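So the structure is just underneath, and the comments pick up after that.
The values are calculated or read from the model by the stated rules, or taken from the named source; none is laboratory data. Everything numeric here is computed off the predicted structure, so don't read it as measured data. Quick reminder, even Gly has a Cβ in these numbers, built from the backbone with ideal geometry, and neighbours come from all protein chains shown.
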Amino acid sequence: MKRRKAVLLFGLIGLTLFLAVLAGALFLFDPFADARNELTSAVAIGMTESEVRAALGEPQFEYSAADAPEDYYVSGYSHRKRAISNKVHVYVTGEPICYVWYDSSNRVEDYFVGGS
């Protein structure tokens, strides 16, 4: 009986160590870091809508303040809760997702890049 408890204890310790190492590896290795950095560097506050479209292409979703649903966020992805002052474009390229909010002059006033 003592041997069985010892084996179970060492098994639990081993499993705990394995999970800790795995979690650390996932924290250090972000498979979407390059894509996130690419999107983040492609958009800047003050850019025009046409500059953003030239950099990112056509958005998958486009909402104006007047016609956007209350919960316009894409399900399953992270987002920043934010009201739409003029319009927002949502770019979903798999991983990551990018929200770009425009002011009344159609210039970027805010953006968010996040994962699922």
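Brief remarks on what is shown
- When residues of region 61-79 are limited to those that are assigned to a loop (DSSP other than H, G, I, E, B) and of a type in the set (Asp, Glu), the one modelled with the highest pLDDT: 67
- Residues that are more than 19 Å from residue 66 (Cβ to Cβ), assigned to a strand (DSSP E or B) and of a type in the set (Ser, Thr, Tyr) within region 80-114 comprise 91, 111, listed in sequence order.
- Any chance residue 50 is in the same structural domain as residue 108 (by TED's automatic domain parsing) and either modelled with pLDDT of 75 or more or over 21 Å from the mean Cα position of the chain (by Cα) (or both): yes
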